[in-house]
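J.: Below: one structure in structure tokens.
The values are calculated or read from the model by the stated rules, or taken from the named source; none is laboratory data. Just so it is clear, the model here is predicted, and its values are computed rather than measured. Cβ coordinates were reconstructed from backbone atoms using ideal geometry, including for glycine residues, and neighbour counts include every protein chain displayed. Ligands, DNA and RNA are excluded from the accessible area calculation, which covers all protein heavy atoms including side chains. Shrake-Rupley method; radii C 1.70, N 1.55, O 1.52, S 1.80 Å.
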Amino acid sequence: MSDGALLSPSFDTPPENLSLYLSDSDTAAHAASNRYRDYLGHEFNQVVIDCRNQLNFDAIASLCGTLVAGGELVLLTPQRPSPALQRLIDCWQMRSPIETTSDAKPPSLPTAAQQDLVQQLQDKESVHIVIASRGRGKSSCLGTALAQADNASQCIVTAPRKANAQVLLKHAPHAHFVAWDTLIDQPGSTERLIIDEAAGIPLWAIQKLVQKYPAWMLATTVDGYEGCGRGFAIHFVEWAERTFAHVKMHTLKDPIRWLTGDPLEHWLQQALLLNAAPRQLTQSIDSGVYHASKLPEDALHQAFELLLEAHYQSSPNDLKLLLDEPQHYLYLHVNNGSVIAVAWLALEGPLADDLALQVQLGKRRPAGNLLPQSLTYFLQSPRLAALRWCRVSRIAVQESHRRQHIASNILNAVQHWAATQNVHALGTSFGYDPGLAQFWRANGYHLIRLSSKQDRVSARYASLWVFPITADAEALCTPLCEWGAAQLRWWFNGQIPSNTLDATTNALLSAFKEAILPLDSVLFACALVSNHDALTFTPSDFAVPQNAMQSLKHTYKADSFKQLSALIRSDIAKIL
């Protein structure tokens, strides 16, 4: 840490393995901290993470699991730590000493639990899902089961990266590895599918893979992997149990790389709130808005557990953001001594006029301003950047308390709180889903933009929604809400309104003509003017919105989307 302390797992003498050094500023480092995923599946006797410029909880959570017994985790820290970093330091200094005997040794491998799991995995009539913390030997078991299988040559192994399956492939050296995105593009086969580190692959891709290839074994760690976690496990397991006739769940509890009760693992779970939260609050608090850094420990733990379990993209970095960002807050709904619902709020904007102009031109993307930035750039509406926004980032309600209007009541409370913070408008952003859209619409929010590009992780189309509070905000948002409603009807029903060149359409097409906006961001604007005689494209090119790009490419006989964009820019210039 800042005093040079090393955070070390159990055992005294580390084996002769590689060290890893991640830093965002030191050119001598192996890689930047955001490249930590490249090293999952490896083993190290020392991991050094430079936290002086950027603190990455996801990297710490993931790379701790790559350390072997006796290894060292070294965190390089600034002189004045942030609240999140101070939490790491405090949790280490307050840890309880773990008693170990001097002759303590790693367990003999394979353990009885591993042997039992390998035996159970030989049942090929079931889909096996193995979920456990790092360092438990999941990948070894999958590799061993595959190596012992009679039809190992008829199996395919995949993972987020080949390096992530290194341990599995070590135990099954003749296994056939294929990248997951390559598998998705193939027609499918009868070869059995094994997926290691499944949480590192988008959930939609996992679902598509196991529909194209008969699934046999899937293993994953949920401790902050690839921006996913406990939420991934919950959502995927629920889907798998609905989809497959026979699903068997497995876990491995005892570590094999270090002792049970290892101080580093205990510190990690406590500091990043990865263990189970207490059921009852020890200190009474009222429902309301709090900053995470000011919350009692058990209230923070319950709230963060809700976020981790309810949203499959939640990760330890979310805890870092909540602790360190002064404009991020949590609304807690407390009932009978427990946090049963939580909303994550972010105050954004206003942006200065010169910064808003740079955002509109696509030259700046100021952090922490998703709503004003997105609205200014994608809708070419810089006046919206002058507003103060409250973004509802996420809402999570305990499963046993859902369907009781708690989330709607929270939104009402947030609206009143936002008004006290001089907020002009509320907003939210999420991957479009009819059920989610119905919830937000029922609570007075209006769609203002729907992306035409699928999100890589969710396979959904990002949508922006607004709820004006002040009269000025309502005046600015109303025409854009009408635009959003028309775009939604086009996207899902193919309806192209008979439209003149209104202000929003003109602004978007002008930005596209100047190469400020990409073609996929102005497809609806193009559809609105598609009946213009001076243009090459016609309404038929936009009849099936999801295929519009391919249809346009065919119409213009373009060899690439880059060439297509250039040709349409020339066309658009004729009518502006």
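J.: Look at residue 496 and say whether it is touching a residue at least 60 places away in the same chain (Cβ under 8 Å) and in a loop (DSSP other than H, G, I, E, B).
T.: No, not satisfied.
J.: Within region 252-262, is even one residue open to solvent by 30 Å² or more (accessible area, probe 1.4 Å) and touching a His at 6+ places or on another chain (Cβ under 8 Å)?
T.: no
Residues are listed down the side, and each one gets a yes or a no for (1) of a type in the set (A, V, I, L, M); (2) in a helix (DSSP H, G or I); (3) surrounded by 15 or more Cβ atoms within 10 Å (Cβ to Cβ):
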{"site": "486", "(1), (2), (3)": "yes, yes, yes"}
{"site": "510", "(1), (2), (3)": "no, yes, yes"}
{"site": "520", "(1), (2), (3)": "no, yes, no"}
{"site": "524", "(1), (2), (3)": "no, yes, yes"}
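J.: Also, I was wondering about something else. If we keep just the residues of region 484-496 that are more than 13 Å from residue 526 (Cβ to Cβ) and in contact with a Lys or Arg (Cβ under 8 Å, 6 or more places away or on another chain), which is modelled with the lowest pLDDT?
T.: That would be 495.
J.: Sticking with this structure for a sec: Out of the residues in region 148-169 meeting the condition of being under 27 Å from residue 185 (Cα atoms), touching a residue at least 24 places away in the same chain (Cβ under 8 Å) and assigned to a helix (DSSP H, G or I), tell me which one is most open to solvent (accessible area, probe 1.4 Å).
T.: Within region 148-169, the match that is most open to solvent (accessible area, probe 1.4 Å) is 154.
J.: Still on this structure: For a quick check of your reading of the model, give me the residue pairs whose first member lies in region 285-302 and is surrounded by fewer than 16 Cβ atoms within 10 Å (Cβ to Cβ), whose second is small (Gly, Ala, Ser), with beta-carbon atoms closer than 6 Å and at least 6 apart or on different chains.
T.: 285/299
J.: Moving on. Quick check on this structure: which one of 450, 480, 488 is in contact with a helix residue (DSSP H, G or I) (Cβ under 6 Å, 6 or more places away or on another chain) and in contact (Cβ under 8 Å) with a residue 24 or more places away in the chain?
T.: Testing whether each residue is in contact with a helix residue (DSSP H, G or I) (Cβ under 6 Å, 6 or more places away or on another chain) and in contact (Cβ under 8 Å) with a residue 24 or more places away in the chain leaves just 450.
J.: Additional query: Among all residue pairs at least 6 apart or on different chains, which show Cβ distances below 6 Å where the first residue, located in region 393-404, is part of a loop (DSSP other than H, G, I, E, B) and the second is open to solvent by less than 50 Å² (accessible area, probe 1.4 Å)?
T.: 398/340
J.: Pick from 471, 503, 475, 462: which is closer than 30 Å to residue 200 by Cβ and open to solvent by 30 Å² or more (accessible area, probe 1.4 Å)?
T.: Values: 471 fails: closer than 30 Å to residue 200 by Cβ; 503 fails: closer than 30 Å to residue 200 by Cβ; 475 fails: closer than 30 Å to residue 200 by Cβ.
When all the criteria are applied, what remains is 462.
J.: Any residue at all in region 244-267 that is closer than 28 Å to residue 71 by Cβ, outside any strand (DSSP E or B) and within 22 Å of the chain's Cα centre (by Cα)?
T.: no
Yes or no, residue by residue, for (1) surrounded by fewer than 16 Cβ atoms within 10 Å (Cβ to Cβ); (2) aliphatic (A, V, I, L, M):
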residue	(1), (2)
25	yes, no
39	no, no
49	no, yes
57	no, no
60	no, yes
63	no, yes
66	no, no
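J.: Going through region 95-148 one residue at a time, which ones are of a type in the set (A, V, I, L, M) and at pLDDT 90 or above?
T.: First, pick out the residues of region 95-148 that are of a type in the set (A, V, I, L, M): 98, 104, 109, 112-113, 117-118, 121, 127, 129-132, 142, 145-147.
Scanning region 95-148 gives 112, 113, 117, 118, 121, 127, 129, 130, 142, 145, 146, 147.
J.: Among what's in region 405-432 and is part of a loop (DSSP other than H, G, I, E, B) and of a type outside the set (Val, Ile, Thr), pick the residue that is farthest from residue 519 (Cα to Cα).
T.: If we take residues in region 405-432 being part of a loop (DSSP other than H, G, I, E, B) and of a type outside the set (Val, Ile, Thr), then 405 is farthest from residue 519 (Cα to Cα).
J.: Right, here's the next one. Looking at 357, 274, can you tell me which residue is buried (at least 19 other Cβ atoms within 10 Å of the Cβ) and either more than 28 Å from residue 204 (Cα to Cα) or touching a residue at least 40 places away in the same chain (Cβ under 8 Å) (or both)?
T.: 274
J.: Separate question: So residue 315 fits all but one of (1) open to solvent by 30 Å² or more (accessible area, probe 1.4 Å); (2) at pLDDT below 95; (3) hydroxyl-bearing (Ser, Thr, Tyr); what number is the exception?
T.: Just one mismatch for residue 315, condition (1).
J.: Of all residues in region 526-576, count the ones that are open to solvent by less than 40 Å² (accessible area, probe 1.4 Å), in contact (Cβ under 8 Å) with a residue 24 or more places away in the chain and among the hydroxyl-bearing types (Ser, Thr, Tyr).
T.: Qualifying residue count, region 526-576: 2.
J.: Could I ask something else about it? Just for region 405-433: of the residues that are without any contact (Cβ under 8 Å) to a residue 60 or more places away in the chain and among the polar types (S, T, N, Q), which one is surrounded by the most Cβ atoms within 10 Å (Cβ to Cβ)?
T.: 428
J.: Across region 361-386, what is the number of residues that are open to solvent by 10 Å² or more (accessible area, probe 1.4 Å) and either small (Gly, Ala, Ser) or assigned to a loop (DSSP other than H, G, I, E, B) (or both)? Please lay out each step first, then the result.
T.: Step one: of region 361-386, the residues open to solvent by 10 Å² or more (accessible area, probe 1.4 Å) are 361-370, 373-374, 377-378, 380-383, 386.
From what's left, either small (Gly, Ala, Ser) or assigned to a loop (DSSP other than H, G, I, E, B) (or both): 361-369, 374, 380-381, 386.
Selection size over region 361-386: 13.
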